[in-house]
Amino acid sequence: MSTRRIYAGRVVTLDVEQVVLPNGVEATMEVVGHPGGAAVVALDANGNVCLLRQYRHVAGGWVWEVPAGKLDGQPPDAIARQELEEEAGMRAARWDSLGRYLSSPGVFREVVHLYLARELTPCGARPEHDELFEITWVPLAEALDRALRGEIEDGKSVVALARAAARLANSDFT
């Protein structure tokens, strides 16, 4: 019915929206706008995946994640390729979509596009100036186990690892 912008920042916006729900109820919603992102499960020839131990101020310290980045007007697959190079120092010849992930659909408009990257070749990592992370390669089964035990708390990474493992189990790594 109506939208009022409360805040517009470098990455996010905050709107207050008056809406009519499908059941006819009128409601006031606070909506955080975000450009979305792309995240990559990079799988090498030995079955290892790239995990980043990245410093995240908002999370209060270090967080385990797969390479990922914010959409900046380019298509999600282009961002995925760029982030794989910048953060993992790899290029991939084979890409598969793992679908989309909604980070918090009750309040955020953020959609993260998930990918599986294979047939990797090194190209040298190029982190951005405000990124602080360490690169680690671990077997996919170990990464998935860590995600399921709660050691990897980043939602997009947990979902991406689970979907990659399921995709590979159904395709026998082909």
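When the chain is fully extended, how far beyond the present Cα-Cα distance does Tyr55 get from Val138, taking 0.36 nm per residue of separation?
28.0 nm
Trypsin sites (Lys or Arg not before Pro) within region 1-78: which are DSSP loop residues with at most 12 other Cβ atoms inside 10 Å?
Arg10
Once R0 is set to 41 Å, what does the formula 1/(1 + (r/R0)^6) return for the Cβ-Cβ distance between Met1 and Asp130, expressed as a FRET efficiency to the nearest 0.05?
0.60
How far is it, in nm, from the label point at Leu21 to the one at Ala93 when both lie 7 Å from their Cα along the line to the Cβ?
Going by the 7 Å Cα→Cβ label model, 5.3 nm.
Rg over Rh of region 1-148, using C-alpha atoms and the Kirkwood radius, what does it come to?
Using only Cα positions, Rg/Rh for region 1-148 is 1.05.
Which value at 222 nm does the chain reach when only helices count, each DSSP H run of 4 or more adding -39,500 (n - 2.57), with the total divided by all residues and rounded to the nearest 500 deg cm²/dmol?
The per-residue figure over the chain is -6000 deg cm²/dmol.
Quantify, in whole percent, the carbon and sulfur part of the accessible surface of the chain (1.4 Å probe; protein heavy atoms only).
52
May I ask for the equivalent-ellipsoid semi-axes of region 1-78, computed as the square root of five times each C-alpha gyration tensor eigenvalue and listed largest first in whole Å?
Equivalent ellipsoid of region 1-78: 35, 16, 13 Å, largest first.
So, for the chain, what is the accessible surface per residue at a probe of 1.4 Å, expressed in square angstrom?
55
What accessible area, in Å² to the nearest ten, does a 1.4 Å probe give for His57?
Result for His57: roughly 140 Å² accessible.
Could you tell me which helices of the chain pass both thresholds, a Cα extent of 18 Å or more along their own axis and a mean Kyte-Doolittle hydropathy of at least 0.0, with helices taken as whole DSSP H runs?
Qualifying helices, which must be both long enough and hydrophobic enough, are 155-171.
Can you tell me, using C-alpha contacts under 8 Å and at least 6 residues apart, the relative contact order of the chain as a whole percent?
After rounding, I find 23 percent.
The values are calculated or read from the model by the stated rules, or taken from the named source; none is laboratory data. In this text the structure is predicted, and so the values were computed from the model without any measurement. Cβ sites come from the backbone with ideal geometry, for glycine too, and all protein chains shown count toward neighbours. Surface accessibility is based on the protein's heavy atoms, side chains included, excluding ligands, DNA and RNA. Shrake-Rupley method; radii C 1.70, N 1.55, O 1.52, S 1.80 Å.
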